[in-house]
1. Rounded, prolate or oblate for the range A:259-330? Axes are the square roots of the Cα gyration tensor eigenvalues, ordered a ≥ b ≥ c, and the cut-off for rounded is a/c under 1.5.
2. Suppose a student asked you for the relative contact order of the range A:3-86, using Cα pairs under 8 Å spaced at least 6 residues apart; what percent would you report?
3. Could you tell me what percent of the DSSP beta bridges with both partners in the range B:88-245 are antiparallel, to the nearest 5?
4. Restricting to DSSP H runs of at least four residues, report the calculated mean residue ellipticity at 222 nm for the protein assembly as shown, -39500 (n - 2.57) per run over all residues, nearest 500 deg cm²/dmol.
5. To check you understand DSSP bridge types, tell me what percent of the beta bridges within chain A (both residues inside) are antiparallel, rounded to 5.
6. Say the dipole of the protein assembly as shown comes from +1 at the beta carbon of Lys and Arg and -1 at that of Asp and Glu; which of A:298, B:43, A:338 then lies farthest toward its positive end?
7. Which one of A:390, A:472, A:86 has its Cα pushed farthest toward the positive end of the charge dipole of chain A, where Lys and Arg give +1 and Asp and Glu give -1 at the Cβ?
8. Quick one: accessible surface of residue B:17, probe radius 1.4 Å, all protein chains present, in square angstrom to the nearest 10.
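The values are calculated or read from the model by the stated rules, or taken from the named source; none is laboratory data. These numbers were taken from a predicted model, which means no experiment stands behind them. So basically every Cβ, Gly included, is an ideal-geometry build from the backbone, and we count neighbours across all protein chains shown. Heads up: the accessible areas ignore ligands, DNA and RNA and are worked out on the full protein's heavy atoms, side chains in. Shrake-Rupley method; radii C 1.70, N 1.55, O 1.52, S 1.80 Å.
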Amino acid sequence: MNVRAHMSMLFHLDKCIGCHTCSVACKNLWTDRKGAEYMWWNNVETRPGTGYPTGWEDQDHYRGGWEKNWVGIELKLQSKPKAIANLFYNPALPELDDYYEPFTFRYEDLFNAPESKHQPTAVPISAITGDPIDIESGPNWDDDLSGSTIYAANDPNLEGVSEEVRQQMGEIERVVFNYLPRICNHCLNPACVAACPSGAIYKRGEDGVVLVNEDECRAWRMCVSACPYKKVYYNWSTGKSEKCILCFPRMETGQAPACAHSCVGRIRYMGVLLYDADLIKWAAEGPDDEMFDRQKEIILDPFDPAVIKAAKENGIDDGWIDSAQQSPVYKFVKVWNMAVPLHAEYRTLAMMFYIPPLSPVVSTIEEGLVRLDIPRERVDFELFNSLEKARLPIQYLANLFSGGNEEVIEKILRKMLAVRIYKRRESVEGIIDDATLAMVESADTTPEEIEAIYRLTTLPTIAERFVYPPYHREMAAEAIYGDPLARKGDVGFGYIMPPERGP
Amino acid sequence: MTHLSDGQRDTRIRFSDLVAQPRRVLTTPTWSAVINKGRAYSPFTLNVEELVPWRTLTGRQHFYLDHENYLEWGEHLPTYKPRPDHTMLSETEISANEAQGRLLNYITPHGKWSIHSTYSENIRMKTLSRGGYPVWLNDKEAAEMDIKDNDWVELFNDNGVFVQRCITSARIPRGTVFVYHATERTVGIPISPLRQKRAGMNNSITRTRLKPVLMSGGYGQFTYSFNYWGPTGVNRDTFVYVRKIDKPSY
Ligand code: SF4
Ligand code: SF4
């Protein structure tokens, strides 16, 4: 057992309102710079939809992630020998049109325009060339456009959803969508790291944050192609690749990442997960339908004495172990079995987790009408008993999260529904009858667990949502620089100079 | 209810604090939320937790209003009301012969990203919302009008004109056109090809009308008080002609 610690984020999609406050917080903090205009380290997508960059999940086109073959797994982009032969050839790289041409407006015209018979207006211009531009795409172009035949219909996760249901999803009576906020997944088996010919990308030992060493980056951009989530971006001005840094300077000082801290829906949780690094290879090479189960298996129980002992042997201090025991992410992922990574089948072992969204109502259109005449005593249980009629098809969620495995998603949704129905009957009807208890049991949960899930879902304080370990930067600074006081208050290491353009 | 001000009596706010940001301190006994200790505003918590009767005729929440005026206008119960006939408004008669377009019900709901007109024309919000103030049309109806997603459209009636690019979407009901309120008239507003003037903002094509039931009074909660109860300017909806245009100039 080789125990390591990881900082993970959990997104409770049932609570996301799609406000994009997270994206704006991140952009203002990190990517409000020349060359970084089009980078959205955090972005929010409407699903079904095509996402950002457009159609990023189409791996036949972008060739991101890993592929299983007879030797084990290999980058889908190219095998190692091929990588050397094709160093100057990277056809799967997304182009400007797959993102968008960043634009701004000539705001100064509002003040300086010469006298005219019309009131002045600020015309849109390209943020790259400064010339007037016709705006034809953006980082959130298909916002709220589920049901669209030009955007949402191309969402690859709709594969396997019946033609009839897809048709209905394009009608106003049945249109349905959820929001999907995304950051870098700080994977355990990161394709970006594996693809970099310069060895410039690394995963930090203490908390698993994946970083690009800007001094080493030589602009090969193999990481951009290899990341199946398209979460490495190339800065056209500095000639270096950049990505989400999980706000490590904030985490090191006990603050949540800016996206999580600013989240209006309070959907985000942060906490430590302990995992067994010896099993990464085993987990990444699993058969398709076991990907998620294996990943869960390598996440360790922070209360298990053997795990604690092995963690200490690996230099993980008590503060981190304590923090792992309080971790809300651990509870949702491992104890309650309610969370899944995005696209487990990409085999990068993504370490950010999602609780899938519940549908509001059962919805089947019969003869053009949505049925609302369900007998009152059955209303509460209707969706629970007929998940196949959920407005957002289970198949869709399964394609998005669990590599098509519907059972995984069904179990989670059943548990979420059990919480909802149980609490509703308790507070509105004032009774927990046998039917309710039977439902609780069939959802594989208990009233005690329901209460705990309910509290952490709806009533957590900020200290319960974000549980931070002590980073002890002073110890690291001492080890590297000798005198800890000389570097007091520092976060991270090195990189105090702007990067020079690579040779 | 004096306990609501416990621990807050020695609060001080300096002028420099107010310059830095708005401050919220006391729970007021006349508003409806308890906001002590930074608690988020949630309506009616004061009524529920402190057993303060609702400020209505009966002291309860009203769903049904038996005021004569409400009964007469059919507004006593919040139920479905069909859209009015455009001839009742007389805001499209002159424009009817001006150009070809389809007559649609124009509504201007609250936006996703702004409270009314709060600074939505900054580069962040414009980048996230297609770089303009999109006009939302039903996708099938747009196809019938030969309008494609992101085409320029012109909305016009006897009140004014609005020119922006459009979004075609399944979630908009037929017969309806949406523009989220409230747009600014500063960023990327072209010249209207029809009227040859700088196009307007979302309220350039609506007109303020008084809603008669809001003039009712002398009845429990219907008692005039400034910014609390009284006739409001109803300027959200009307009818407009919608037509596709070529890329306009600025
Ligand atoms: S999600 Fe992040 S860590 Fe994973 S492959 Fe992409 S850039 Fe690398
Ligand atoms: S800030 Fe939170 S609620 Fe808003 S879009 Fe981002 S994740 Fe969703």
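1. oblate
2. 16 percent
3. Rounded to the nearest five, the antiparallel share is 75 percent.
4. -6000 deg cm²/dmol
5. So the antiparallel bridges in chain A amount to around 90 percent.
6. The Cα lying farthest towards the positive end belongs to B:43.
7. Checked the options; the winner is A:472.
8. 30 Å²
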